[in-house]
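The values are calculated or read from the model by the stated rules, or taken from the named source; none is laboratory data. No experiment lies behind these values; they were computed from the predicted model shown. Heads up, the Cβs are rebuilt from the backbone with ideal geometry, glycines too, and the neighbour counts pull from every protein chain shown. The area values use the complete protein model at the heavy-atom level, side chains included, leaving out ligands, DNA and RNA. Shrake-Rupley method; radii C 1.70, N 1.55, O 1.52, S 1.80 Å.
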Amino acid sequence: VAVDTLRKNLKRLCKSIEVGGSGRNVTLVYNPLWNNSSQVWVHTTPSNVGETRVDAFPPQAGSKCSVTSIETVTLDNLAPLIKTKRAIIKIDVEGQEARVLAGGIQFFNSFSVDSILMEWRIVNAGTASNNTDANYIISFLKARNFAPFQVHTDKSLEFENPCKVAGRYLLDKT
């Protein structure tokens, strides 16, 4: 199952799946992941697709982003689409990692998630909200026996202070 907020990303993925001949094994979902099913705002920056973000609030006046409204799904909503009991997750949700994980409690209880690839850069921003999010993420992952490792160096990281180090992390079961 592949989930993306942007239609053009899914079109690229469709082409890759077609070229690879694995179309029968992939389900694409065109919705942002969130902690509940609701209407949200998708903010895209035309010059940088990587800056796409989902927000519960409409844009402020004068925003330079292109904005659309869309219905969200949760990880728990995706469970019926998955035909195996094991999963590997890649999350790139520009600071909404805590929300996505909060919408996946039953998902994690139902499936054996072996690894999660996730960025901590946005969570590392240092606001009180991000500290709350970081604490939630750490608690959620520790309760499920995940340990963080830097992707590029394979260096382990102490969960007690992961927000001091920005970057991509692979979280493996211990």
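Given the options Val67, Val49, Val73, name the one that is under 26 Å from Leu141 (Cα atoms) and of a type in the set (A, V, I, L, M).
Matching residue, one of Val67, Val49, Val73: Val73.
Which residue pairs have Cβ atoms under 6 Å apart, sit 6 or more places apart or on different chains, and have a first residue in the stretch 135-149 that is more than 17 Å from Gly103 (Cβ to Cβ) and a second that is β-branched (Val, Ile, Thr)?
Going by the 6 Å Cβ cut-off, the qualifying pairs are Asn145/Thr174; Ala147/Thr174.
Need at least 1 residues that are of a type in the set (Phe, Trp, Tyr) per element, so show me which strands (runs of 3 or more DSSP E) inside the stretch 1-57 make the cut, counting only ones lying wholly within it.
Where strands (runs of 3 or more DSSP E) fall fully within the stretch 1-57 and carry at least 1 residues being of a type in the set (Phe, Trp, Tyr), they are 28-30, 39-45.
Going by the conditions given, is Asp55 within 20 Å of Ile137 (Cα to Cα) and either among the β-branched types (Val, Ile, Thr) or out of contact with any strand residue (DSSP E or B) (no Cβ under 6 Å at 6 or more places or on another chain) (or both)?
Answer is no for this residue.
How do the pairs read when you match residues in the stretch 81-95 that are among the basic types (Lys, Arg) with residues anywhere that are open to solvent by 70 Å² or more (accessible area, probe 1.4 Å), using Cβ under 9 Å and keeping only pairs 6 or more apart or on different chains?
Lys83/Asn25
So, of the residues in the stretch 89-105 that are among the charged types (D, E, K, R) and more than 12 Å from Thr132 (Cα to Cα), which turns out to be surrounded by the most Cβ atoms within 10 Å (Cβ to Cβ)?
Applying the filter and picking the extreme gives Glu94.
Report, ordered by the first and then the second residue, all pairs with beta carbons closer than 8 Å, sequence separation of six or more or different chains, a first member in the stretch 35-55 that is closer than 19 Å to Ala98 by Cα, and a second member that is open to solvent by less than 70 Å² (accessible area, probe 1.4 Å) and aromatic (Phe, Trp, Tyr).
Listed by first residue and then by second, the contacts come to Val40/Trp34; Val54/Trp34.
Quick one: count up the residues across the stretch 140-174 that are surrounded by 14 or more Cβ atoms within 10 Å (Cβ to Cβ), modelled with pLDDT under 80 and assigned to a helix (DSSP H, G or I).
Total meeting the criteria: 2.
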